[in-house]
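Structure first, commentary second.
Coordinate-derived values only; no laboratory data. Fair warning: this is a prediction, and the values are worked out from it, not measured in the lab. Here the Cβ is made from the backbone with ideal geometry for all residues, glycine too, and neighbour counts use every protein chain on show.
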Amino acid sequence: MERANGTILYHYTDFQAVDGILRCAQLRVNNVLRMNDSAEMRHFMTRLSSAITERLNREGNREQAQAVHTLFRDEIRKEYSAFAACFSFYRDDAAQWERYGNRGRGICIALQREYLQKMAKGALSLQTVFYRDDMAGHPMVDVFCKLVQAGGPLSADDPEIKRAMRDAWACSVSYKHPSFASEYEMRLVVSPFETSGFDVRPCYHVTKERIKKYYPLDLMSMCRQAGIGIEDLVAEIIIGPDSTQSMAIFQDYLRDNGLPALVDRVSLSDCPLRGLSN
């Protein structure tokens, strides 16, 4: 496993998805609540609630602490969701291949962080993920404690409470359970509330079991606004350790789809991950 210097972000995926990125110039942002962490967003909100109530209890404000607990309990039952494309700082990583790269049979496309940052405007933001349980030092604790100290009943309908809750939900996308720390992740996020300048129509992928919602970001347009081409955005492409894909054919695919500059940036994984058969 190679820990990158932070300038390159690695997106582990399958060949269908990478075809969407390269040939169709689309990057999907998917519902984080449907990803492999069952505590997405709720982890932060639950721990934030605990940090606030613990501080209020220490200060002797037990009644207010209970009111905050009830407020957050009801809030967490709501199904707010953000949409995101996920990247790792780790290059050619066995765990990433196993979890997200079709068990090593997929592909990894590496993107320039600097250009992704330029492309993240309006409702889009590029966010580092933190892996923490203790939220005592988070600025949102101070925000809610000040609202409590201002007096008056804590109501979900109060404009100040609504604003604070929205800010908390926006923060929640960047915090995951510490057991996921090995992913060393960064996300391109569409906020659950910020919609200004975001005019992408949602799409739906229908399977036998359910319907999934996602947003297809127009990479061509985003690159154009950032003053770059897609070939500038892509730093390298790594074919998975257990993939049967011919590198020569993949390079032909790049040439025939108008991406010749990427041909020499393709390599085979050095990771010794091997698929196990029953």
Starting from the Cα of Glu59, step 7 Å along the direction of its Cβ; do the same at Arg210; then give the gap between the two resulting points in nm.
4.0 nm
Rounded to 10°, Cα long-axis angle of helix 159-172 versus longest principal axis of the chain
40 degrees
Could you name the aspartates and glutamates whose alpha carbon sits less than 17 Å from that of Lys118, not counting residues in the same chain fewer than 8 places away?
Asp218, Glu231, Asp232
Roughly what would the spin-label model give for Met35 and Gln117, points 7 Å off Cα along C-beta, in nm?
2.0 nm
Kirkwood Rh and Cα-based Rg: tell me the resulting Rg over Rh for the range 168-278, rounded to two decimals.
1.02
Which order results if Tyr12, Tyr204 are arranged by neighbouring Cβ count within 10 Å, fewest first?
Tyr204, Tyr12
How far apart, in nanometres, would the label points at Cys203 and Ala156 be if each is projected 7 angstrom from Cα along the Cα-to-Cβ direction?
3.4 nm
Footprinting proxy, Glu79, Glu160: sorted fewest to most Cβ within 10 Å, the residues are Glu79, Glu160
Could you please rank Phe72, Phe44, placing first whichever residue has the fewest other Cβ atoms within 10 Å of its Cβ?
Phe72, Phe44
Cα centroids of the range 33-48 and the range 135-186: how far apart, whole angstrom?
13 Å
Between Ile238, Ile230, Ile211, find the one with the highest GNM mean-square fluctuation for the chain; connect C-alpha pairs within less than 10 Å.
Ile211
Once you have a ≥ b ≥ c as the square roots of the Cα gyration tensor eigenvalues for the range 39-94, tell me rounded if a/c is under 1.5, and otherwise prolate or oblate according to whether a/b is larger than b/c.
oblate
Semi-axes (Å, rounded, descending) of the ellipsoid equivalent to the chain per its C-alpha gyration tensor are 40, 20, 16
Angle check, please: helix 247-256 long axis (alpha carbons) against the longest principal axis of the chain (alpha carbons), in degrees 0 to 90, nearest 10.
90 degrees
So what is the orientation-averaged projected area of the range 73-209, using the convex hull of its C-alpha atoms, in nm²?
11.5 nm²
Lys162: which lysines have alpha carbons under 17 Å from its alpha carbon, excluding same-chain residues fewer than 8 sequence positions away?
Lys78, Lys146
